[in-house]
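Student: What follows is a single structure, and I will ask about it in a moment.
Please treat every number below as a calculation from the coordinates, not as lab data. A quick note: this is a predicted structure, and the numbers were derived from the prediction, not measured. Methodologically, a virtual Cβ is constructed for each residue, glycine included, from the backbone with ideal geometry; neighbour enumeration extends over all protein chains shown.
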Amino acid sequence: MMGVLMARVGRKRRLDIEAEYWRLLQSGVGTVEACKLVGIGRKTGYRWRSENGGLPPERVAESVHSGRYLSLLERKRIATLRERGLGIREIAERLERSPSTVSRELRRNVLEHDKGVYDADLAHHRSRQRAERPRRPKLKPDAELRAVVQAKLDLEWSPEQIAAHLRALWPNRPERHLCHETVYRALCQGAKGVLSRTLTKKLRTGRPLRRQRRRADQRAPRFAVPATLIDERPAVVELRERAGDWEGDLITGRSNRTAIATLVDRRTRFVRLVALPDGHGADQVHARLTAALRDVPGTARMTLTWDQGSEMACHDRLAPLFRDGVFVAHRGSPWQRGTNENTNGLLRQYLPKGSDLSVHTADDLRAIEDRLNNRPRKTLGWQTPAELFAAALTA
C-alpha cells in the first residue's frame with residue numbers, strides 16, 4: 001500500500017505530450033504554436049524549456065551525464081554486442097565497465113513482456129524514470145512549518161536565512177529542518193497546498209522562475225585581441241601593499257539600457273565613478289575611462305582587472321595607461337574581483353537596480369564618490385579610503 005501511495009506523489013509528467021512538444025520545436029514550429037498544437041499553456045512550455053536549458057530531455061540527460069551511470073551510447077553498444085552473442089564479461093571489457101554493471105543493467109531493464117530482448121532506447125527511458133524518484137514535499141503536510149516559512153518570506157528573508165532560522169527554532173526536530181533549495185523549489189514550482197508563487201516577489205531577484213545559467217566554459221569569447229588572464233597578473237597585486245591596482249566593472253540600470261563604470265583601488269578601496277551618457281559599448285567605455293584616468297597620477301595606475309564583458313573589447317588600447325597592463329578574470333568568476341563586487345553592492349544604495357542611471361549627473365556621481373571615500377571602513381582599521389589614497393600618493 002505504501003508503495004502505491006509513493007508512486008502517486010509529485011507532478012505527473014505527461015511524457016507523450018512533452019515528447020510531441022519537443023518534436024514540433026525541433027521541426028521548426030514556433031514555441032507559441034507548438035503549445036497550441038499539443039494543448040498546453042505557454043507557461044508550461046516555458047517551464048519545460050527552462051528546466052532543460054532549451055534542450056530536449058534526452059539531450060539534457062547526455063549533456064549532464066555522469067560517468068558513474070551508463071549513457072545512451074553505452075546502452076546501444078550493449079544491445080549491439082548482445083545481439084552478436086557476446087557474454088557479459090566480454091561486453092563489460094569492451095565498455096571498460098564492471099561485469100556487475102552490465103549484468104545489473106540487463107536484469108533491471110529487460111522485463112518479462114520484452115521477451116528477452118534488450119532495447120537500448122527503452123532501457124534508457126526506464127532508467128531516467130527511476131532516477132526522478134518523486135518525494136513527498138516536507139512543507140505540504142506540516143501547516144506550522146509552512147506558516148513559519150511564509151511569515152519569514154513576507155519579511156523578505158532569503159531561503160538560506162530561513163533554513164538557518166528553522167534549525168535554531170527547532171534544534172531537536174530534524175524533520176522540520178529544510179535545505180534552502182527546498183524553499184526555492186517550493187516557491188518556483190508553486191505546487192498546490194505548499195507555497196504560493198506570489199511569494200517569489202519577496203526574493204532578492206523577484207523572478208518567478210529560476211534562470212538557467214550558462215556554464216562558464218561554454219561562453220563564447222568576446223575579444224578580437226586575446227586578453228591577458230588574471231593568472232599572469234603580478235603577484236604583488238594580491239598582497240594589497242601598493243595603491244594603483246584597480247578593479248573595474250559596469251553597474252547597469254533598467255533593462256541594461258544605461259550604465260556607470262566603477263573603479264576601486266584594491267589597497268585603499270578608493271572609488272571612482274565614470275558616467276557613460278553615450279552608451280556602454282567598448283568604444284564609449286574606452287573613451288570615458290581614458291578621460292577619467294587623466295587626473296590620476298601614473299604612480300597610481302599600476303594594473304586594471306575587469307571581467308570578460310564585451311565592454312572591455314578595447315582592453316589592448318587601455319593597457320598603455322597602466323604600468324603593468326590590463327587583466328581579465330576567468331569567465332563566470334566574479335570572486336576574482338571581490339573588492340569591486342563588494343563596492344558595487346555598496347553603490348547600489350545610491351544607484352538601485354532597475355533605475356534609470358542616466359539621470360545621475362557628473363556632480364551626482366562625485367557626491368556618491370565622496371560619501372564612500374570619506375566613510376571609515378573596518379577593513380582599513382577605521383580609516384577612510386580618501387585618507388589612505390592621499391597618503392599613498394604623497395608617499
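Student: Say the dipole of the chain comes from +1 at the beta carbon of Lys and Arg and -1 at that of Asp and Glu; which of Leu139, Ala168, Ala391 then lies farthest toward its positive end?
Tutor: Sorting the options by dipole projection puts first Leu139.
Student: Let me ask something else about it. Once you put a point 7 Å from the Cα of Ala395 and another 7 Å from the Cα of Asp231, both along the Cβ direction, what distance in nm separates them?
Tutor: Reported label-point gap for Ala395 and Asp231 is 3.2 nm.
Student: Can I ask one more? Obtain the nm distance between the two label points defined at Ser103 and Arg375 by a simple spin-label model: each point lies 7 Å from its Cα along the Cα-to-C-beta direction.
Tutor: Going from the Ser103 label point to the Arg375 one covers 6.7 nm.
Student: Right, another one. Relative to the compact globular guide of 2.2 N^0.38 Å, what is the alpha carbon radius of gyration of the range 282-395, as a ratio? Kindly include the intermediate steps, with their values, before the conclusion.
Tutor: Values: Rg = 15.3 Å, N = 114, 2.2 N^0.38 = 13.3 Å.
It is 1.15.
Student: I've got another one for you. I want to make sure I understand the PRE zone here: with the label point 7 angstrom from the Cα of Arg348 toward its beta carbon, which residues in the range 224-265 have backbone N atoms less than 19 Å away?
Tutor: So the set is 248-264.
Student: Here's something else I'd like to know. Based on DSSP H runs of at least 4 residues, each adding -39500 (n - 2.57), what is the mean residue ellipticity at 222 nm of the chain after dividing by all its residues, to the nearest 500 deg cm²/dmol?
Tutor: Details: 18 runs with 173 residues, N = 395.
So the helix-based figure for the chain works out to -12500 deg cm²/dmol.
Student: What FRET efficiency would be calculated for the residue pair Asp154, Glu90, taking the C-beta separation as r and a Förster radius of 41 Å, to the nearest 0.05? Provide the component values of the computation, followed by the final result.
Tutor: On the way: r = 63 Å, r/R0 = 1.53.
Here the calculated transfer efficiency is 0.05.
Student: Go ahead and run the numbers for FRET between Asp356 and Arg197, Cβ-Cβ distance against an R0 of 35 Å, rounding to 0.05. Numbers along the way, then the final one.
Tutor: Working: r = 29 Å, r/R0 = 0.82.
E between Asp356 and Arg197, to the nearest 0.05, is 0.75.
Student: On to the next question. Find the all-direction average of the projected area of the Cα convex hull for the range 143-202, expressing the result in square nanometres with one decimal place. Don't skip to the answer; put the middle values down first.
Tutor: Details: hull surface 14.6 nm².
Over all viewing directions, the range 143-202 projects a mean Cα-hull area of 3.6 nm².
Student: Let me ask another. Taking H placed 1.01 Å from N in the peptide plane, check which residues at least 5 places from Phe327 or on another chain put their amide H under 5 Å from its amide H.
Tutor: It is Leu304, Thr305, Trp306, by chain and number.
Student: Note down the nm distance, to one decimal, between modelled labels 7 Å out along Cα→Cβ at Arg77 and at Ala287.
Tutor: Roughly 5.8 nm, to one decimal.
Student: Taking R0 as 35 Å, what FRET efficiency do you get between Asp114 and Lys140 from their Cβ-Cβ distance, rounded to the nearest 0.05? Write down the numbers at each step before the final one.
Tutor: Working: r = 37 Å, r/R0 = 1.06.
Approximately 0.40, to the nearest 0.05.
Student: Something else: Need one number: convex hull volume per residue for the range 95-194, Cα atoms only, in Å³. Please report the intermediate quantities before stating the final value.
Tutor: Values: hull volume 18.8 nm³, N = 100.
For the range 95-194, the hull spanned by Cα atoms encloses 188 Å³ per residue.
Student: Let me ask something else. Find the centroid of the Cα atoms in the range 345-378 and in the range 238-264, then give the distance between the two in whole Å.
Tutor: The range 345-378 and the range 238-264 have Cα centres separated by 12 Å.
Student: For the chain, with only Lys/Arg (+1) and Asp/Glu (-1) charged at the beta-carbon, what is the dipole magnitude about the Cα centre, in debye rounded to 20?
Tutor: On the way: 75 positive and 48 negative charges, 401 e Å.
That gives a dipole near 1920 debye.
Student: Would you mind giving the average projected area, over all directions, of the Cα convex hull of the chain in nm² with one decimal? Spell out each step's value before the answer.
Tutor: Values: hull surface 112.8 nm².
The directionally averaged projection comes out at 28.2 nm².
Student: Further question: Taking Cα pairs under 8 Å and at least six residues apart, what relative contact order does the range 237-371 come out at, in percent? Intermediate results must be reported in sequence, preceding the final value.
Tutor: Working: 223 pairs, mean separation 37.6, N = 135.
Computed value for the range 237-371: 28 percent relative contact order.
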